[in-house]
Structures are given as structure tokens and as C-alpha cells.
1. Given the C-alpha centroids of the range 333-384 and the range 107-136, what is the distance between them in whole angstrom?
2. Quick check: the angle from helix 308-323's long axis to the longest principal axis of the chain, C-alpha only, nearest 10 degrees?
3. What list of ³J(HN,Hα) couplings, whole Hz, do you get for the range 198-215 from phi and the Karplus terms 6.51, -1.76, 1.60, once you set θ to phi - 60° and write x for glycine and proline?
4. Near the amide H of ASP345, under 5 Å away, which other amide H atoms are found, from residues 5 or more places off or on another chain, if H is placed in the peptide plane?
5. Sequence gap at least 6, Cα distance under 8 Å: using those rules, report the relative contact order of the chain to the nearest whole percent.
6. Compute the signed sum of charges (Lys and Arg +1, Asp and Glu -1) over the other residues within less than 12 Å, Cβ to Cβ, of PRO228.
7. How far apart, in nanometres, would the label points at ARG377 and ASP38 be if each is projected 7 angstrom from Cα along the Cα-to-Cβ direction?
8. If I fit a long axis through the Cα atoms of helix 63-73 and take the longest principal axis of the Cα atoms of the chain, what angle between them do I get, 0 to 90°, rounded to 10?
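The values are calculated or read from the model by the stated rules, or taken from the named source; none is laboratory data. Because the structure is predicted, anything quoted here is derived from the model rather than measured. Note that each Cβ is placed from the backbone with ideal geometry, even for glycine, and that neighbours are counted across all protein chains shown. Heavy atoms of the whole protein, side chains included, go into the accessibility calculation; ligands, DNA and RNA do not. Shrake-Rupley method; radii C 1.70, N 1.55, O 1.52, S 1.80 Å.
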Amino acid sequence: MTPLEPPAEPSGSSPATDLLTLGRRIRHYRTERGLTLDALSEATGAAPSQLSLVENGKREPRISLLTTIAGALGVTLADLLSESPPSRRAALEIELEHAQRGTLYSSLALPYVRPSQKLPVPVLENLVGLHRELARRASEAIATPEEARRANTELRLAMQQRNNYLPHIEEIGEELARTAGYTVGALTHRTVARMAEQLGFTLLHVDDLPHSTRTVTDLANGRIYLPPASIPGGHGLRSLALQAIAHRVLEHERPRSYADFLRQRLEINYFAAACLIPRSAAVSWLQARKQEKDLAVEDFRDAFGVTHESAAQRFTNLATEHLGIQVHFLRVGDDGALYRGYENDGLRLPADVTGAIEGQPVCRKWAARSAFARRDRATEFYQYTDNPTGTYWCSTQTGSTAGGEFSITVGVPFAAVKWFRGRETTLRQSSTCPGEACCRRAAPDLVQRWGKKSWPSAHMHQHVLSALPAGSFPGVDDTEVYSFLEKHAPR
């Protein structure tokens, strides 16, 4: 299986079957035969409440229950699993339900309209038409963030399905690290150099790398060129070198699209993490801390000699698969914008109409933003937040770069907080985002006072207008790269 090949589906409905469509088909055949939910319950042995959840697309039935329902309704299993809605009305109900579950409608903070049998078809058609026009206008407004944005969203959702875990790359990374001499603790610079040597490469540090590259690999002469900031003891040597190695280990080919390029970036970052914090050592360390109810990202960071962000992201790789803990991760700028995010614990991340989260404003009441207000920045900041999807506990660490401050957050649902240090915090906030009334709309008295008496000049991010250099790889200037290699190649 390739690293990002779709995972096996759980027993139940077909991979392509939408739960709402499945539910409406069951309801269609049930009402067509004049059966009530109670009557179908008696025929199948399933509780009426369970059948109601299935018909409303809120529960995925097991294949055994679907088979029993099909028999009771006198249809085949294939009839129930068909991808097409059973009627024009059902198609409208399904589309309306999907629209109301989306991010765009949630942001309007409007009441839910139940698409029941009592709702006339003309009303359904009007509501669906309005939702289509809302989506069209929202899509039109963000048409500029092109292919890369959409491809990145697809990758994030694919990783969410896999609990942010790629076992194939885990095995490769650990095997290479162990073969090069890794035993326990932090992966040394010398071990990384040996890993490169095992693959026939030498690490070299130069001060004239092309500005559009992070590293350059000379396949003809077995050289990996790294920037001077990555000399031994400098920041990022191990990670940059391991990412360059990953392209060879994972047998990457020239990307054919931005989607290919982003997938490769994800895989090389994952490989570097799997080498810097090998799975067996990390899981052993984490399980011991879980047993002591003393899990802390800052300790995980220090145990393996990586940055706080690297430790936090690595924790998300292992938490669900090996500790049974669902989790979310956020990197947020001091302007409140979400730069990177992941969740499999039900937390609703801010997103635009396409599902992209990058650049979206995070709720002011979340720990990721509350942490900027504290004076003590040396330790982790802990906070509980009540959200529409539940209560979450978060651990946040702040940092700074030349571009400004940022925060790194790891959070879990309330039920899992018992395993973490910092659970005793009394700090608690309540958030109703994505409803705009939570923190995105100014108080009425402020609007009345300043609404017509102010004219702010917005900060412009120039990079959004920049075209990518046309080259073999997205964002890479081929002329610079080839001239660089010509200059440094051994004679």
C-alpha cells in the first residue's frame, strides 16, 4: 500500500454511499410499503430510535442490519446502497441537509430547517436554490486561491481519515535510523549523516543555494546541499537533510501537479519526523507517561531534542493509533490566523466554503489565542474551552520568528484530559464559533460609535499576488538550480 492510499473501509455501507442518501432510500422504501418505524423495528429487531438515526443519516448501520432491513422491505442490498436519491423530493432533502451541515451555513448562525415530509416541494426548491446561490457567491469570492489550496484541503482530510498516521513511512524511517546506529533519545547529526551515507549521499553546506530551494540534491554525484544555517549545531540540519533523503527513499518522481508536490512535501515531513522521533522509542515513552497521567508536549520535545511544533505534530501521528487518544493541533499567528491544523476529535476548525482552513481566523476565546495575553511565556498554557461540539482541554506554547509571534496548541476532548499534565487548570472559556456573534462582530455600541467614523487601511499580504516561477517543480526556478549544480559539481 502506498503511503496515501485510501484505508480499508469499516464494515457497513459502501465507501461511495452517502449516509443521507442511504437513509432516504430506506425511508422511501419503508413509506412506499406503508410501514411505520415501529413496524420496521418489529421486523428487524432494531430499536425505532436507531432506525430513525439511520434514516436521518446520523448513524452508519452495520452490513448485517442493512441486510435485515433490505429483507424486511423486500428489496436487495444493492437497492439500498445505490448512490442515487430515490426521488426528486429526496434529492432536495439531501442537498438541503448537506448545505445546513456545512461551514458556510453555520457561520450565519441561522436556525436549522428540518427537511421533513411536511415541507412542501416548492419550499424545498427555494431553500436549496438559495443555498446554491450562497455557495456560488462564496466560491466566486475565493476563486483566486487556486489548485494548491484545494489540493491541500484534500490532503488534510485524507490524513484525518488515517488518524494522521502513515505506517508505511513509520517503518521505513525507523529501520533507516536503527541501521545507522540510533538507539534511544535524540537523533544525532552524525546518525543523520550516516543515514545519507547508507544511501550513497554526502551532506554539504553551502551559502549560495538558489533562493527558491530549501535543499538541492545532486543525483549524479551523490551530494545533498544544505544552507549554512543548517551546519552541525544549527537550526534545522537534521530535518532538512532527512527531508532531502526522503525523496530518494520514498521513490518520488517529478510532480505532475501541485497536488503531487504537496503530497510529496507531506510525506517527506512525515519521514523526517519518523526518523527524528522513531515510533518504538516514542510510543514506549508516551505509554509510560500516560500510565503516570503525566503526558506533556514540552517533555516529549525535550526527550527527543526537537522543536515544540515538531513534538506537537509528532504527537498527533501517534496519539490515536497507539494511545487511543483523539486529538487536535493548531499553529496560529499573533494575528489570529490559522496556519496549520489537524483534528480527529470533533473540534470544528474554521474553514472557508471549500473546506480550506489556512488563513481562517481562530476564535478569540480558544487557548491558541488566549495564550498570547499571558506574561509568562516560558511554560505551557492550559485552558478548557466549551465549544458547540463539546468541551476541549488545550495545552499551548507560544514562540516568535522574524515574521511575528505564533502559538502551538495540542488539545483533546474532556474525556481524555485525565492523562495530561495541566488538567487541574481552572481557566475556562466558552466559544460559539463559527457563529459570527461569538467574537467576529463588534459590540452594537462600538458599531454605533465607530461604524461610520472610521476607515482602517488593511494590511496587504503581497505573496498572494505573486506568480510561481515556471519550472519542473512548483515554486522552483530551474535556471538558478541548474546553474548552481554546474558551479558545484566535481570536475
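1. Between the Cα centre of the range 333-384 and that of the range 107-136, the gap is 31 Å.
2. 50
3. Each residue of the range 198-215 in turn: 4, 9, x, 10, 10, 8, 10, 10, 10, 9, 10, 4, x, 4, 8, 10, 9, 8 Hz.
4. VAL327
5. With pairs under 8 Å counted, the relative contact order is 12 percent.
6. Around PRO228, the surrounding residues sum to -2.
7. 6.6
8. 20
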